[in-house]
1. Kindly list the number of the only condition in (1) within 24 Å of the chain's Cα centre (by Cα); (2) not in a loop (DSSP other than H, G, I, E, B) that fails for Val146.
2. What's the number of the condition Tyr96 fails, among (1) in contact with a Phe, Trp or Tyr (Cβ under 6 Å, 6 or more places away or on another chain); (2) under 30 Å from Ile26 (Cβ atoms)?
3. Anything in segment 26-76 that is free of Cβ contacts under 8 Å to residues at least 40 places away in the same chain and touching a His at 6+ places or on another chain (Cβ under 6 Å)? List them, or say none.
4. With the checklist (1) over 21 Å from the mean Cα position of the chain (by Cα); (2) part of a helix (DSSP H, G or I); (3) of a type outside the set (D, E, K, R); (4) surrounded by 22 or more Cβ atoms within 10 Å (Cβ to Cβ) in hand, flag the one item Ile35 doesn't pass.
5. Scan segment 185-207 residue by residue and report those that are more than 12 Å from Phe282 (Cα to Cα), part of a strand (DSSP E or B) and not polar (S, T, N, Q).
6. Condition (residue is within 23 Å of the chain's Cα centre (by Cα), farther than 24 Å from Ile35 by Cβ and in contact (Cβ under 8 Å) with a residue 12 or more places away in the chain) applied to segment 412-432: is it met by at least one residue?
7. Consider only pairs whose beta carbons are under 8 Å apart and that are at least six residues apart or on different chains; among these, list those whose first residue lies in segment 188-208 and is loosely packed, with under 11 Cβ neighbours inside 10 Å and whose second residue is acidic (Asp, Glu) and assigned to a loop (DSSP other than H, G, I, E, B).
Amino acid sequence: MGVLLLVTFIFSGLVMPEVILADPDIWWHLADARILTEAHHFIHVEPYSFTVAGQPWVDPEWLSELIFWLGYKAIGLVGIYVATLIGLSANMLLLYWRSFFKSRHGGVALWTGILAVLLMTVNASARTILFAYLALSAEMAILEAVERGKSRLLWLLPPLFCIWINLHGSWIIGLSLFALFIVSGMFRVSLGMFEQEAFSSGDRNRLLAVLGASLGAVMINPYGWHLVWNPFDMAFNQTLNIASVQEWQPLNLGWFVGKAAALAIALTIATNAIHQRKWKIFEIAVIFFAWYAAFDHARFTFLAAVLTIPILSADLARGFFPSPNPKTIPAINALLAAGALCVIAWYFPTQTKLEKGMARELPLQTIASIQPSWRTFNQESLGGIMDFDYKPTFIDTRWDIFEHKGVMKDFLDVVHFQDSLRILDKYSIDHVVLRDDHQLAYLLEHTQGWVIVHKEQVGQDQYLLFARSASIPQPAPVTRK
């Protein structure tokens, strides 16, 4: 456990806490939770931008946001860090526990756990999806327990889905996997490498009843069917978002996480080629789904770790370590755990360190200077911190509502030099804030009527605040007596 904690710490953003605080999403998540806790109501209309303000919007991750907000309110920036540490560590520990139960071998569970951590790095930051993946891992643990004969645990799924839908839109993946589990076990299969018995009539009826209860449970949320529709809206109505945002792009094998994915797949193939076994339909379907999702959208390598690593652990243990080895050496475990805790304590940041790190990542002075009456075109990565600082934004990384209202397309046209000045005029933009290496910065520097009114050095980057000449207050004329 100590080794896995240490590996999780090293290969996540936890060793560079300023990177966690620079995540563009965490700040609008905190702003959402602030409205819920201080204004005492759920968000039903868009509250931050001047481009789509007042339009209907649901907050699909409000419960996850509360976790980060409560940490922030309790101990400031350190609270965000602690919430991230807890989310990552809990995911790793639950995955290790599942791998151990599947393989009955502590060493195999350890090494596959390390591989899982490498796959998890794609979302190893202050992300609300950390808590959704905990729900997914819990669901898989329940289904794995059912396969071991503990079918009564199925009734934990409806309350799990009731929580999950309020954590993150990925609940639909979990519900689909549960439906796949039921369908895969409806028939007896004995064909080649596939071998499985069908569910008994009692088990089948119980599964269908739990599925029905789970479908009812997802309706227990503050937005009703609107929140249930949210993941379908993402899949069918946000093509520009999926095509343009980096984390939705296909997995590149040249990336670090791509190499980890290739290693996991190679181990799965090699182990089953050397020591063949019989597969259940659900197992092979989960593996194909997980890796298809990961290669189609790089962000899902975390999903692939949650779904496939315990299966890989069982294959490795069966093929190369056929004798169960659940034994551990308490003294060595205690020593490793103590060492891991010492390293974490050494790197654990103070509030002052986090404030300084945040100032090295974000143009805080420039954002503070923005006036509420301005119509500021902002770089998308700054939208979240502007939301949190009560500065009206052009756009932020929520994307969904901005795509629905055409703002995202206009934003992309501006930054890609497609009629940029006309679109700025369309929205009556009087100020622009972005990095000096941005193409739009070059255009505005060489466009009459725009001037730089503020510069701020942030780490290796420089941020510029542009203003229209007409919007700059002119000094009052001096009258002579």
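1. (1)
2. (1)
3. Matches in segment 26-76: none.
4. Going through (1) over 21 Å from the mean Cα position of the chain (by Cα); (2) part of a helix (DSSP H, G or I); (3) of a type outside the set (D, E, K, R); (4) surrounded by 22 or more Cβ atoms within 10 Å (Cβ to Cβ) one by one, Ile35 breaks only (4).
5. Within segment 185-207, just Leu191 meets the criteria.
6. Within segment 412-432 (the criterion being within 23 Å of the chain's Cα centre (by Cα), farther than 24 Å from Ile35 by Cβ and in contact (Cβ under 8 Å) with a residue 12 or more places away in the chain), the answer is yes, since at least one residue qualifies.
7. Cβ pairs passing all conditions: Arg188/Glu197.
Residue by residue, here is whether (1) outside the structural domain of Asp389 (by TED's automatic domain parsing); (2) in a helix (DSSP H, G or I); (3) closer than 27 Å to Trp164 by Cβ; (4) modelled with pLDDT under 95 holds:
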{"site": "Leu5", "(1), (2), (3), (4)": "yes, yes, yes, yes"}
{"site": "Phe42", "(1), (2), (3), (4)": "yes, no, yes, no"}
{"site": "Ala74", "(1), (2), (3), (4)": "yes, yes, yes, no"}
{"site": "Phe100", "(1), (2), (3), (4)": "yes, yes, yes, yes"}
{"site": "Ala109", "(1), (2), (3), (4)": "yes, yes, yes, yes"}
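The values are calculated or read from the model by the stated rules, or taken from the named source; none is laboratory data. Only a predicted model underlies this, so the values are computations on that prediction, with no experimental measurement involved. Ideal geometry is used to build each Cβ from the backbone, glycine not excepted, and the neighbour counts take in all protein chains shown.
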